[in-house]
Structure formats: C-alpha cells, structure tokens
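See structure below.
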C-alpha cells in the first residue's frame with residue numbers, strides 16, 4: 001500500500017509540475033501571439049487533460065501491480081507442479097536420513113551398554129598350543145556377565161612398535177557361531193577360554209606390547 005501511495009505522489013507531482021510549466025508558457029506566449037479566448041481555452045484543456053492523465057496513469061499502475069502479483073503466483077505454482085515429485089522425494093530422503101542417524105545412535109548406545117557387561121580376562125601372549133598349532137599365540141578368557149546369549153564376539157588387538165604407535169590391528173573372534181572348531185554361543189554367566197596363533201600376523205617392527213578390547217557383539 002505504501003509503494004502505491006508513493007508512486008501516485010510521484011506521478012501526481014511530476015504531471016502537476018509539467019502542467020504548471022505548460023500553463024506558464026501559454027501565459028507568456030498568450031500576451032504576444034494568442035488572444036484571451038484562445039489562451040483561456042488552452043489553459044482549461046491542459047488542466048482537464050492533466051487530471052485525466054494522472055487518473056489513467058494511476059489506474060494503469062495499480063493494474064500492472066496486480067498483474068505482476070498474478071504472474072508471480074502463477075510462476076510459483078508452475079514451479080511447484082513441475083518439481084513437486086523432486087521436492088517430495090527430497091523431503092522423504094531427508095526424513096529417512098534423520099531416522100537412520102537416530103536409530104544408529106540408539107544401536108550404538110545399546111552396544112556400548114552391552115560391552116560393559118562382557119569382560120576380557122587374563123589376555124596375554126605366550127608360547128603354547130592354540131587351534132591345534134604349537135607356537136606364539138594370544139590367549140585369554142571372555143566372560144558374559146549380561147543377560148543375553150552371545151553368538152559372535154569381535155576382539156580388536158593392536159600390536160605396538162617401539163615408539164608406542166600402532167603397527168597393526170587384527171580382529172579375532174573369541175565367540176563365533178561360524179567357527180568349525182567352537183561354534184557354541186556364550187550364555188549369560190558363562191566364561192570361555194580362547195587362543196589364536198599370531199606368528200603369521202605380528203608385524204616386523206612389533207616390540208612385544210599390545211592392547212585388546214571388544215568392539216562388536218551379536219546376540220542370538
């Protein structure tokens with residue numbers, strides 16, 4: 001509304017000034033070239049024409065504003081109709097991503113809670129027989145203090161070098177339902193000893209130190 005009023009003022013002031021200028025020219029010219037009757041007729045014509053012209057211009061401006069708004073609305077509707085499927089798919093995809101991260105967080109929190117109820121005990125490296133092979137091996141015991149049956153337990157072992165840096169990481173499975181030797185699950189309250197040969201696993205710059213921790217549990 002403010003824009004319309006301001007434009008009306010601009011048009012009115014502009015044509016009013018032009019009218020005054022034309023009237024002044026006619027008055028100056030009238031004393032020299034025109035008689036009084038013709039001079040009066042010209043002034044009346046300019047005044048009436050000026051009022052009519054301002055009204056027409058304001059009307060055209062208001063119509064053009066409304067027409068512009070209609071065009072903008074049609075463009076918006078056309079854009080939505082053309083890309084409606086893409087917009088809907090984008091919204092659905094965004095919602096799925098949010099739910100995916102949400103459920104992953106729930107699953108990760110649940111896993112961390114379960115890992116606190118399963119312990120590795122007396123993990124060591126020594127010479128002995130493991131899986132029917134005599135040699136250097138990693139031994140230990142896994143204890144299920146939770147209330148779920150464990151079908152797979154994943155253990156990460158980090159072999160360190162002289163600088164205390166991780167030279168190699170290897171995964172072992174103290175509980176593995178796919179094992180040909182020991183596929184039994186680990187029930188709540190049970191413990192199980194394990195041993196894995198490492199002669200072919202350890203890196204050349206290994207200094208004899210290591211760390212071991214459980215990283216994944218799959219329940220029956």
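Some points to look at:
- In region 69-169, the ratio of gyration radius to Kirkwood radius, Rg to Rh, stands at 1.39 when only Cα atoms are counted.
- Spin-label model, residue 201 to residue 92: label points 7 Å out along the Cα-to-beta-carbon direction sit 4.6 nm apart.
- Global size of region 110-152 as Cα Rg and Dmax, reported in angstrom: 13.6, 39
- Alpha-carbon Debye profile of region 118-219, log10 I(q)/I(0) at 0.22 Å⁻¹: -1.17
- Full-stretch length increase - residue 169, residue 81 - with 0.36 nm per residue and alpha-carbon distance subtracted: 26.2 nm
- Förster-model FRET efficiency, 30 Å R0, residue 145 and residue 102, C-beta, rounded to 0.05: 0.55
Where a number appears in this text, it was derived from the coordinates with a stated rule and is not lab data. Predicted model only: the values in this text are computed from it and were never measured. A quick note on method: Cβ atoms are made from the backbone with ideal geometry, for glycine too, and the neighbour counts reach across all protein chains shown.
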